[in-house]
Amino acid sequence: DTEGLLRIKEENQKHYRRAQRHQEKKEKIQRHNRKLGDLVEKKTYDLKTQYEHLAKLRRTHILELTSVIFPIEEVKTSMRDPADVSSESDNAMTSSTVSKLAEARRTTYLSGRWVCDDHNGDTSISITGPWITLPNNGDYSAYYNWVEEKKTTQGPDMEHNNPAHTISAALCYATQLVNTLSLILDVNLPKKLCNRQVNEFCGENLSRHRFTRAVKKLNANILHLCFSQHVNLDLLHPLHTLRNLMYLVSPDTENLGR
């Protein structure tokens with residue numbers, strides 16, 4: 001029994017010495033973890049600072065791009081409310097008729113259905129200049145009608161103020177701007193837009209199906225960029241191509257460049 005007790009004491013001493021070594025390793029690992037934690041915290045702060053600096057640079061580049069090369073602004077039209085004109089010409093017109101005319105003015109027949117548009121007839125959005133605009137309500141039927149007329153009419157097109165020309169030019173510029181913004185913001189677009197799509201709007205007369213598909217891809221990419229920069233969702237509309245872009249690159253967009 002005495003020999004057995006001595007063996008147990010020796011084993012206990014070995015375990016005690018081993019526990020001390022393990023305790024020292026544990027304390028060493030804890031010190032190392034604290035150093036790594038401090039280093040990670042410092043690196044995280046530095047990374048956040050770099051992100052903020054990068055966001056400011058992106059914001060500066062975007063504002064320069066949209067003020068010098070691709071200015072986007074709202075253009076007021078000189079159209080008068082038909083309700084006002086009619087009421088001036090007919091003093092006996094009832095208030096219900098005036099309200100019906102105002103309501104009709106706020107609706108647009110778009111792609112086979114009536115849609116509500118509070119800005120219809122009041123404004124349009126221009127890009128690169130006040131002469132290149134898109135309809136505020138997303139109605140590009142003027143382009144379809146022009147393509148159909150070109151199929152039946154032979155000879156050169158002498159109408160320089162054709163709205164189809166401004167629509168195709170505005171969409172071409174918008175596509176170029178979206179591609180550039182995706183590079184500056186380092187955001188991958190869900191719909192691929194290459195130079196072929198840019199030339200597609202300006203280089204040839206598109207069928208209604210191809211034109212609609214290209215516009216939908218462009219609108220989807222614009223919305224994706226707006227979502228990535230936390231643009232207020234209440235301001236966005238899936239059909240308002242240039243208006244969504246205008247909200248995206250506005251100086252009032254707090255998270256632009258994030």
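The values are calculated or read from the model by the stated rules, or taken from the named source; none is laboratory data. Just so we're clear, the structure is a prediction, and the values are computed from it rather than from any experiment. Here the Cβ positions follow ideal geometry from the backbone for every residue, glycine too, while neighbour counts run over all protein chains shown. For accessibility, only protein heavy atoms count, side chains too; no ligands or nucleic acids. Shrake-Rupley method; radii C 1.70, N 1.55, O 1.52, S 1.80 Å.
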Simple spin-label model, 7 Å along Cα-to-Cβ: Lys192 to Asp38 in nm?
5.1
Run the quick spin-label model on Glu74 and Arg258: label points 7 Å from Cα toward the beta carbon, then report their separation in nm to one decimal.
2.4
I'd like to check one number: the per residue accessible area of region 1-74, probe 1.4 Å, reported in Å² as a whole number.
92
Computed FRET efficiency, Cβ-Cβ of Thr212 and Asn232, R0 30 Å: what is it to the nearest 0.05?
0.65
When only the heavy atoms of the protein chains count and the probe is 1.4 Å, how do Val231, Val68 rank by accessible area, highest first?
Val68, Val231
